Amino acid sequence: MPELQRLRAGHATAVLAFELANRAYFAASVPDRGDEFFDQFTDRYSALLAEQEAGICAFHVLVGEDGSVLGRFNLVDIEDHTAELGYRVAQHAAGRGVATTTVLELCQLAAVRYRLRTLRAATVRQNAASQKVLAKAGFVPVDPADPAHLGGKPGTWYERDLVHAILPGDRPREGRGHR
């Protein structure tokens with residue numbers, strides 16, 4: 001069974017393999033990272049770990065039973081109990097509920113471990129799959145996203161209140177003001 005793990009130095013080789021194997025797939029729906037990302041991967045990866053250590057971001061990988069990375073799930077720009085959620089799932093794992101399940105798990109981690117109150121996520125308008133994941137995970141559209149933030153493509157910001165929201169699948173308890 002896949003496991004969500006906090007990013008660490010030992011994941012570097014599997015993360016690079018994941019990014020390379022899925023580059024064309026990702027580029028169809030999100031801006032391509034560019035050749036520079038891969039040419040400078042070691043330095044960039046070290047910078048990510050430093051940002052995580054400083055508490056600016058919290059990076060996670062979904063690791064398969066074979067040790068391969070099935071997805072990346074990140075909380076970036078953590079400030080004032082808010083963070084931006086970003087994620088990507090391997091092509092061979094897409095369409096199986098992996099993203100939705102893991103985003104829901106990360107929402108719980110964000111609230112409990114990182115003490116966040118709000119998550120935001122931006123998607124390009126053409127990325128219907130990501131919009132479905134966000135909706136199933138309790139996010140609602142709130143604002144247009146600046147195309148500069150999304151590689152020049154128009155999009156939408158989604159937001160999730162982690163404090164007052166009822167998670168999908170949660171049942172309100174009777175006798176507590178819920179009907």
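The values are calculated or read from the model by the stated rules, or taken from the named source; none is laboratory data. What you see is a predicted model; the values in this text were computed from it and never measured. Virtual Cβ from ideal backbone geometry, glycine too; neighbours counted across all protein chains shown.
Observations, loosely collected:
- The residue that is modelled with the highest pLDDT, counting only those in segment 18-69 that are aromatic (Phe, Trp, Tyr) and within 13 Å of residue 91 (Cα to Cα), is 18.
- The residues listed here are 104, 134, 116, 150; of these, the one that is closer than 24 Å to residue 54 by Cα and hydrophobic (A, V, I, L, M, F, W, C) is 116.
- Selection status of residue 71, over 15 Å from residue 120 (Cα atoms) and within 11 Å of the chain's Cα centre (by Cα): yes
- Single residue of segment 116-137 satisfying the filter (modelled with pLDDT under 95 and part of a loop (DSSP other than H, G, I, E, B)) that is nearest to the chain's Cα centre (by Cα): 127
- Scanning segment 1-17 for residues that are in a helix (DSSP H, G or I), in contact with a Leu (Cβ under 8 Å, 6 or more places away or on another chain) and under 11 Å from residue 70 (Cα atoms) yields a total of 1.
- Flag if residue 33 is surrounded by fewer than 14 Cβ atoms within 10 Å (Cβ to Cβ), in contact with a Phe, Trp or Tyr (Cβ under 9 Å, 6 or more places away or on another chain) and in contact (Cβ under 8 Å) with a residue 12 or more places away in the chain: no
- Some residue of segment 70-81 being among the small types (Gly, Ala, Ser), modelled with pLDDT of 95 or more and surrounded by 19 or more Cβ atoms within 10 Å (Cβ to Cβ): yes
- Being among the acidic types (Asp, Glu) and part of a loop (DSSP other than H, G, I, E, B) holds for only one residue in 77, 32, 43, and it is 32.
- Meets criteria (closer than 27 Å to residue 146 by Cβ, in contact (Cβ under 8 Å) with a residue 12 or more places away in the chain and under 17 Å from the mean Cα position of the chain (by Cα)) for residue 55: yes
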